[in-house]
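To keep things clear, I will list the structure first and then write my remarks on it.
The values are calculated or read from the model by the stated rules, or taken from the named source; none is laboratory data. Being a predicted model, the structure only gives us computed values, none of them experimental. Quick reminder, even Gly has a Cβ in these numbers, built from the backbone with ideal geometry, and neighbours come from all protein chains shown. For accessibility, only protein heavy atoms count, side chains too; no ligands or nucleic acids. Shrake-Rupley method; radii C 1.70, N 1.55, O 1.52, S 1.80 Å.
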Amino acid sequence: MSASGGTKAIVAALGANLAIAAAKFVAFLFSGSSSMLAESVHSLADSGNQGLLLLGGKRAKREATPQHPFGYGRERYIYAFLVSIVLFSVGGMFAIYEGYEKIKHPHEIEHWYWPVGVLVFAIIAESFSFRTAIQESNPLRGQQSWKDFVRHAKAPELPVVLLEDLGALVGLILALGGVSLALATGDGVWDGIGTLCIGILLILIALILAVETKSLLLGEAAGTEAVVAIEKAIVDGDTVTGIIHMRTLHLGPEELLVAAKIAVQHDDTAAEVATAINAAESRIRAAVPIARVIYLEPDIYSETEAAKGSDREATPGGPAAPAAH
């Protein structure tokens, strides 16, 4: 994900959420609607989400240090994880509490035009924000389904904003439904039910984001296309005759570590091997520009060693035999 694309979507969502939060809170003050209060907290939480994502993106750009030699790219994952765990969960739990209280102690909605008008305005504003997130995501999504894009994206910002905006739109519809039913029936319990549904929705989104960002924090390999491109770039058929084994790891959304044991000719000189490794590194960076940290270890391929098993803890020329347990 390009930094500019992610930032544009985040800023669009931030602007929409701040305006919507203010409007919802005013509507709550005039109407007493718990759905409006829950939705105003939801929008404030969303605004905090975008603030954290922007902060994470800024901190991730810091230069590497001796203490952190691979840089700070994973800060973006950390802040996305905080968004999913802290703010979504807090917003969701607050909405569930408000919904429970409203169902237990229903309150008639006053000045109905305030919550209805604000909800309509909020749906329009969130739709524009959601549209921006979709437009920014489409070039990166390619032929993937939206589900696969959210699951496999290495940059966390756009999936977070997409799910956030989707949750906001569904939440607004639930709030509008609760308020409308409360007005139609004269029973404030419906307003509480709408608030309760908003809380459940937020917690579900929090769980989805937590699972996906946890995987990124633990460390994910490069995507299939990138792995294939790297493998093709390494082997030149002359000095580098094959790959004994290879591992990749995302140090951040736009920085990839590549470590491989490569097979070379047994009669090549050290100078020839060094030249071949340098050439392979150049080919890798040309094929996959985000491959910025590359370690290639030359070895002599041995069919005997390779036949012992697929354990990637490789001995010279092939995998080691599995250890006994």
* Asked: Where q = 0.12, 0.21 Å⁻¹, what log10 of I(q)/I(0) comes from the Debye formula for the range 1-119, counting one point per Cα?
  -> -0.55, -1.10
* To do: Quote to one decimal, in nm, the extra length available between residue 270 and residue 184 on full extension: 0.36 nm per residue of separation minus the C-alpha distance between them.
  => 22.6 nm
* Work out Dmax and Rg for the range 31-98 from the C-alpha atoms and quote the Rg first, both in angstrom. => 16.2, 57
* For the range 126-268, build the convex hull from the C-alpha positions and give me its volume per residue in Å³. => 108 Å³
* To do: Mind pulling the per residue volume of the convex hull built on the Cα atoms of the chain? Å³ is fine.
  => 162 Å³
* Quick one: check the C-alpha center-to-center distance for the range 159-232 versus the range 56-76, whole angstrom. => 29 Å
* Asked: Kirkwood Rh over Cα pairs of the range 71-203 into Stokes-Einstein at 4 °C, 1.567 mPa s: D in µm²/s?
  -> 79 µm²/s
* Using the per-residue mean of other Cβ atoms lying within 10 Å as a proxy for protection, in what order, highest first, do the peptides 191-203, 112-124 fall? -> 191-203, 112-124
* Can you tell me the accessible area per residue over the range 64-153, all protein chains present, probe 1.4 angstrom, in square angstrom? -> 59 Å²
* **Protection proxy ranking, peptides 42-54, 61-73, average beta carbon neighbours within 10 Å, highest first** => 42-54, 61-73
* To do: Heavy atoms only, probe 1.4 Å: what % of the accessible area of the chain goes to carbon and sulfur, would you let me know?
  => 64 percent
* Structure fact -> Relative to the chain, whose Cα atoms define the longest principal axis, helix 224-234 and its Cα axis are tilted in degrees, nearest 10, by 20 degrees
* In nanometres, what is the gap between the two model label sites at residue 112 and residue 61, each 7 Å from Cα along Cα-to-Cβ? -> 5.0 nm
* Could you sort 152-162, 21-31, 288-298 so that the peptide with the highest average Cβ count within 10 Å comes first and the rest follow in order? => 152-162, 21-31, 288-298
* Asked: Roughly how tilted is helix 157-185, in degrees to the nearest 10 and between 0 and 90, from the longest Cα axis of the chain?
  -> 20 degrees
